[in-house]
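Presented below is the structure to which this report refers.
The values are calculated or read from the model by the stated rules, or taken from the named source; none is laboratory data. Please read all numbers here as calculations on a predicted model, not as lab measurements. Because the Cβ atoms are built from the backbone with ideal geometry, glycine has one as well, and the counts that use them run over all protein chains shown. What goes into the accessible areas is simple: the full protein's heavy atoms, side chains included, and nothing from ligands, DNA or RNA. Shrake-Rupley method; radii C 1.70, N 1.55, O 1.52, S 1.80 Å.
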Amino acid sequence: MSLPPLVEPAAELTVDEVRRYSRHLIIPDVGMAGQKRLKNAKVLCVGAGGLGSPALLYLAAAGVGTLGVIDFDVVDESNLQRQVIHGQSDVGRPKAESAAASVREINPLIDVVVHNEVLTTENVMEVFSGYDLIVDGTDNFATRYMVNDAAVLLGKPYVWGSIYRFDGQASVFWAEHGPCYRCLYPEPPPPGMVPSCAEGGVLGVLCASIGSIQVNEAIKVLTGIGEPLVGRLMIYDALEMTYRSVKVRKDPECVLCGKNPTVTELLEDYEAFCGAVSAEAQEAASGSTITAAELKSWQDAGENVYVVDVREPNEYEIVSIPGAVLIPKGEFLNGSALERLPQDKKIVLHCKSGARSAECLAIVKNAGFSDAVHVGGGVLSWIKTVDPSLPAY
Ligand code: ZN
């Protein structure tokens, strides 16, 4: 399905612009008209992380006239393995600012708009309304559903991408012409079922594979060339080295873009909608959460504790709390972990940041270990407050 161009052409290109974009201009499908459309285009990239890095670099180089970047985070050393828009000297700097500096270096002829803030239900409609198209480079379900809902409510197209280990997906969601993200995924996955890249890892170069598909699609939608990924989901497998696309139909029953929508404004709380931690886990953790420093003082005092690390073996290998026994979360879910727990010791669970251990805590408490606790903030909190010499990941 081809679609009309999203953006009207700018009046003209300057001599500098003609020189800079000549390799675009000599492609008949792009030409002067297409490049003028790019010049007039306003594109917002949500997140200057794994997907945002390549996306922003290529959108800038392509001559998208106004390029917005929204990110609240600061550059961390563990970002540099894949977030190539940032460099060593940017560590500790706000990502939005670091990304904007790289963009200006690549193309001084475009305008960069820095939104050094969290995208929230309070500001998303206003921020999005200043742009023609959104590139979604977020890494969590709460923001993804919020981006989708805001884009549908504003009638704007957005290019979505997702990455995990060696697998990537991308699509263009534009409710006027095809399905939205909720048509494909009506409900968020159960809490804890889909690991994030921070939990499961991601091959750095996968970001470039998917981020470049997103830019490719953005350029097509802006200029009206080719057949954009509207109504199709691109699935990339870096190990098999295969790309395949599957049809995604608009769901007439979609609560957002269907015939009788029940969601007609933004949800109040997307975190709650996506339930970062399940209700059972929240209940289990309430009153049964200790700090990393408390665990350290218990260990130093020789208390009778049994510390269980519920992360995956490769995470345990990177860094672990001294004395912790590794029993991955999957063994709690299938029940086999329970027989390995001693009856005569206080069970202390921990994971990377406290979400997985809270899920396991609910299972352990249900099995009768009523005085079990978990470590809020997980091993990351241990590194921060107890032993900063250990590597965070
Ligand atoms: Zn929909």
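Between a first residue in segment 375-393 that is over 22 Å from Val202 (Cβ atoms) and in contact (Cβ under 8 Å) with a residue 24 or more places away in the chain and a second residue that is among the charged types (D, E, K, R) and assigned to a helix (DSSP H, G or I), which pairs have beta carbons less than 6 Å apart while being 6 or more apart in sequence or on different chains?
Hits for this filter: Val386/Lys296.
Taking segment 41-72, which residues are among the polar types (S, T, N, Q) and surrounded by 18 or more Cβ atoms within 10 Å (Cβ to Cβ)?
Taking segment 41-72 first, the residues among the polar types (S, T, N, Q) are 53, 66.
Residue satisfying the conditions is Ser53 alone.
Suppose we keep only residues that are open to solvent by 40 Å² or more (accessible area, probe 1.4 Å) and assigned to a loop (DSSP other than H, G, I, E, B) within segment 267-287. Which one would you say is farthest from the ligand (Cβ to nearest atom)? Outline the logic, then answer.
First, pick out the residues of segment 267-287 that are open to solvent by 40 Å² or more (accessible area, probe 1.4 Å): 267-269, 271-273, 276, 279-280, 282-283, 286-287.
If we keep only those that are assigned to a loop (DSSP other than H, G, I, E, B) as well, we get 267-269, 276, 286-287.
On the way: Leu267: 14, Glu268: 20, Asp269: 20, Ala276: 23, Ser286: 36, Gly287: 40 Å.
Across segment 267-287, the extreme among qualifying residues is Gly287.
Could you please find all residues in segment 222-266 being polar (S, T, N, Q) and away from the ligand (no atom under 16 Å from the Cβ)? Spell out the reasoning first.
Pass one, segment 222-266, residues polar (S, T, N, Q): 223, 242, 245, 260, 262, 264.
Of everything in segment 222-266, those that are polar (S, T, N, Q) and away from the ligand (no atom under 16 Å from the Cβ) turn out to be Thr223, Thr242, Ser245.
Going by what's in this entry, would Val135 be described as part of a strand (DSSP E or B), within 16 Å of the ligand (Cβ to nearest atom), in contact with a Phe, Trp or Tyr (Cβ under 9 Å, 6 or more places away or on another chain) and over 30 Å from Ala358 (Cα atoms)? Explain how you work it out, then say what you get.
Numbers: part of a strand (DSSP E or B): yes; within 16 Å of the ligand (Cβ to nearest atom): no; in contact with a Phe, Trp or Tyr (Cβ under 9 Å, 6 or more places away or on another chain): yes; over 30 Å from Ala358 (Cα atoms): yes.
Taking the combined requirement at face value, the residue does not satisfy it.
Could you tell me which residue of segment 308-326 is farthest from the chain's Cα centre (by Cα), considering only residues that are surrounded by 20 or more Cβ atoms within 10 Å (Cβ to Cβ) and at pLDDT 95 or above?
Ala324
Taking the residues in segment 168-178 that are within 14 Å of the ligand (Cβ to nearest atom) and either in contact with a helix residue (DSSP H, G or I) (Cβ under 7 Å, 6 or more places away or on another chain) or hydroxyl-bearing (Ser, Thr, Tyr) (or both) as candidates, determine which candidate is nearest to Cys254 (Cα to Cα).
Across segment 168-178, the extreme among qualifying residues is Ala175.
Limited to segment 179-221, what total is found for residues that are in a helix (DSSP H, G or I) and more than 16 Å from the ligand (Cβ to nearest atom)? Step through it out loud before you land on a result.
To start, the set of residues in segment 179-221 that are in a helix (DSSP H, G or I) comprises 181-184, 197-200, 204-221.
Filter once more, keeping what is more than 16 Å from the ligand (Cβ to nearest atom): 197-200, 204-221.
Total satisfying the criteria: 22.
Of these, Gly378, Gly368, which one is among the small types (Gly, Ala, Ser), open to solvent by 30 Å² or more (accessible area, probe 1.4 Å) and within 22 Å of Glu283 (Cα to Cα)?
On the way: Gly378 fails: open to solvent by 30 Å² or more (accessible area, probe 1.4 Å).
After ruling out the rest, the residue left standing is Gly368.
Can you list residue pairs whose Cβ atoms sit under 7 Å apart, with the first residue in segment 354-367 being assigned by TED's automatic domain parsing to the domain that holds Val308 and under 11 Å from Gly335 (Cβ atoms) and the second being open to solvent by 30 Å² or more (accessible area, probe 1.4 Å) and of a type in the set (A, V, I, L, M)? Count only pairs 6 or more apart in sequence or on different chains.
Ala367/Leu338
Determine which member of the set Glu97, Glu105 is more than 30 Å from Ile26 (Cα to Cα) and open to solvent by 10 Å² or more (accessible area, probe 1.4 Å). Walk me through how you get there before you give the answer.
Values: Glu105 fails: more than 30 Å from Ile26 (Cα to Cα).
Of Glu97, Glu105, the one residue that is more than 30 Å from Ile26 (Cα to Cα) and open to solvent by 10 Å² or more (accessible area, probe 1.4 Å) is Glu97.
Which one of Val147, Val152, Val127, Val75 is in contact (Cβ under 8 Å) with a residue 60 or more places away in the chain, surrounded by 18 or more Cβ atoms within 10 Å (Cβ to Cβ) and over 27 Å from Ala10 (Cα atoms)? Please lay out each step first, then the result.
On the way: Val152 fails: over 27 Å from Ala10 (Cα atoms); Val127 fails: over 27 Å from Ala10 (Cα atoms); Val75 fails: in contact (Cβ under 8 Å) with a residue 60 or more places away in the chain.
After applying the criteria, what remains is Val147.
Which of the residues that make up segment 222-246 are assigned to a loop (DSSP other than H, G, I, E, B) and free of Cβ contacts under 8 Å to residues at least 40 places away in the same chain?
Glu240, Met241
Taking the conditions exactly as written (in a helix (DSSP H, G or I), open to solvent by 10 Å² or more (accessible area, probe 1.4 Å) and of a type in the set (Lys, Arg)), does Lys352 satisfy them or not?
Numbers: in a helix (DSSP H, G or I): no; open to solvent by 10 Å² or more (accessible area, probe 1.4 Å): yes; of a type in the set (Lys, Arg): yes.
Against the criterion (in a helix (DSSP H, G or I), open to solvent by 10 Å² or more (accessible area, probe 1.4 Å) and of a type in the set (Lys, Arg)), Lys352 does not qualify.
For Ser162, indicate whether it is assigned to a strand (DSSP E or B), within 16 Å of the ligand (Cβ to nearest atom) and open to solvent by less than 30 Å² (accessible area, probe 1.4 Å).
Details: assigned to a strand (DSSP E or B): yes; within 16 Å of the ligand (Cβ to nearest atom): no; open to solvent by less than 30 Å² (accessible area, probe 1.4 Å): yes.
Answer is no for this residue.
Okay, residues lined up against (1) out of contact with any Cys (no Cβ under 9 Å at 6 or more places or on another chain); (2) not in a loop (DSSP other than H, G, I, E, B):
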residue	(1), (2)
Gly68	no, yes
Ser78	yes, yes
Val84	no, no
Ser89	yes, yes
Glu97	yes, yes
Val127	yes, yes
